[in-house]
Amino acid sequence: FFNFELLNVDKQYGGRGIASMLVQQCCNVARTQEFSCLVAETTGIFSAKIFGRHNFKTIREVQYSQFRQNGRIAFPNTGIHTSARVSVKILEPLESNSTTNTTKTITTTNATSPPPPHS
């Protein structure tokens with residue numbers, strides 16, 4: 001599984017296709033690393049739309065209004081964001097003759113952090 005846990009672009013840079021480019025680049029990395037299942041967990045409408053544009057299919061959606069604590073809505077101030085979703089995308093392998101399953105880990109760094117030193 002290749003798991004997307006957070007996708008966020010600063011408001012002043014919104015609407016420029018940056019999030020879409022990030023998702024596309026991650027999909028490319030996942031494919032070259034032979035991941036077959038991509039999973040996106042989204043909490044807002046904008047990231048859910050981006051993943052939908054990249055052919056992720058929502059498999060579970062929970063409305064924030066369903067989360068209650070002591071009879072009260074747990075998330076009363078979500079604005080236009082009304083639900084959390086789990087979406088998946090299945091990738092076709094680059095080579096169809098691959099028969100082994102492997103586990104791979106990819107470490108990413110925050111774009112504002114310096115890259116790790118090379119050994």
remark   = For Thr82, other-chain or 5+-apart residues with amide H closer than 5 Å (H placed, Pro excluded) are Ile45
request  = Using a/c under 1.5 as the rounded threshold, could you call segment 1-92 rounded, prolate or oblate? The axes a ≥ b ≥ c are square roots of the C-alpha gyration tensor eigenvalues, and prolate needs a/b larger than b/c, oblate otherwise.
outcome  = oblate
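Since every read-out is calculated from the coordinates, none of them should be taken as a lab result. Predicted model, so just to flag it, every value in this text is computed and none were measured.
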